[in-house]
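The values are calculated or read from the model by the stated rules, or taken from the named source; none is laboratory data. None of the values given here were measured: they were computed from a predicted structure. In this analysis, Cβ positions are derived from the backbone assuming ideal geometry, glycine residues included, and neighbour counts consider all displayed protein chains.
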Amino acid sequence: QVLLVESGGGLVQPGGSLRLSCAASGSFFKVYNMGWYRQAPGKERELVARITSGGSPNVTSSVKGRFTISRDNDKNTMYLQMNRLTIEDTAVYYCNTYPPISAAWGQGTQVTVSS
């Protein structure tokens, strides 16, 4: 069973930073490509960034230059460093494999950017 737990969200002012973490159970983590996704109110869930099992990152154009994805396979943990946050980044952020496993969606972590 794939179990993923997101943490690190919160309320931050525009221009601020947050670091999200995704803790994975089991040994599967090391062999999977992983991704960060987000769902803003009234919108579909979208991919934000992904990273291969070997650590090669890729971020979408909307967050390029502001967000950095990384992983520590020894700790079964993936991270999303988010800098220069904007109001448009407000969403629930989820981690999952890439492509995602439907049964692996967790509760996510809320990121709210507001002044």
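Structure data summary
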quantity	calculated
Residue within segment 80-89 that is within 19 Å of GLY8 (Cβ to Cβ), at pLDDT below 95 and more than 11 Å from the chain's Cα centre (by Cα) present	no
Residue within segment 20-35 that is of a type in the set (Phe, Trp, Tyr), surrounded by 14 or more Cβ atoms within 10 Å (Cβ to Cβ) and in a strand (DSSP E or B) present	no
Scope segment 67-95; condition of a type outside the set (Asp, Glu), out of contact with any strand residue (DSSP E or B) (no Cβ under 6 Å at 6 or more places or on another chain) and under 19 Å from GLU6 (Cβ atoms); matching residues	ASN73, LYS75, ASN83
Filter result for SER70 (surrounded by fewer than 17 Cβ atoms within 10 Å (Cβ to Cβ) and either under 13 Å from the mean Cα position of the chain (by Cα) or modelled with pLDDT of 95 or more (or both))	yes
